[in-house]
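Reviewing the structure listed below.
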Amino acid sequence: CLHIGDKTPWIINVIVKAPKGTAIKHDVCGQSGLMKITKVLHSAVEYPGDYGSLPQTLGEDGRAIECLILSVFPLPLTCVAEVRPIALLDMEDQNGPNSKVIGVPNTEPRLSEYRDLDNIPDHVKLEVSEFFNTYRNLEGKESWARVTGWRDRAAA
């Protein structure tokens, strides 16, 4: 069974479920290990980074904690990425709190200076917030999400 990582909280393992630039999210389907499409975004948007989950964790919503990886290149679907958490995006949706860890690939030299919330360019924060504020808009009245704030690495 995949573990969150031996270097937690400095480095965490994240299973990529939606590569950067796609509008399709997948999950592992039971014992087969095959990927099943679990969400197709209804809006004309795409994930602004690689989107995945932390193994052996439970978030505020009772599901695995989710992470948006700010990457230069899309990471392969289902790969396990070693990620350095740098911020926490506070969110809520129709089911309650649903915060996301924001991180960068630990071995990506182009992002080595991203260590905390203050290192994320303002425009990137705006893009991420805009995505999460609007990606459910066309799903119907019952489905909504909104960003309520950003917190630093210590909160992540």
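Can you list the strands (runs of 3 or more DSSP E) found entirely within the range 1-60 that contain at least 3 residues being under 14 Å from the mean Cα position of the chain (by Cα) and within 18 Å of Ala81 (Cα to Cα)?
Qualifying strands (runs of 3 or more DSSP E): 12-18, 24-29, 50-53.
Determine if the range 23-43 includes at least one residue that is touching a helix residue (DSSP H, G or I) at 6+ places or on another chain (Cβ under 7 Å) and surrounded by 13 or more Cβ atoms within 10 Å (Cβ to Cβ).
Looking for residues that are touching a helix residue (DSSP H, G or I) at 6+ places or on another chain (Cβ under 7 Å) and surrounded by 13 or more Cβ atoms within 10 Å (Cβ to Cβ), one finds at least one in the range 23-43, hence yes.
Filter the range 107-147 down to residues that are of a type in the set (Ser, Thr, Tyr) and more than 19 Å from Pro85 (Cα to Cα), then give me how many there are.
Of the residues in that region, 3 qualify.
A short reminder: the numbers here are calculations on the coordinates, not readings from a lab. Bear in mind that the values here come from a model prediction, so they are computed numbers and not experimental data. Cβ: placed from backbone, ideal geometry, glycine included. Neighbour counts: every protein chain shown.
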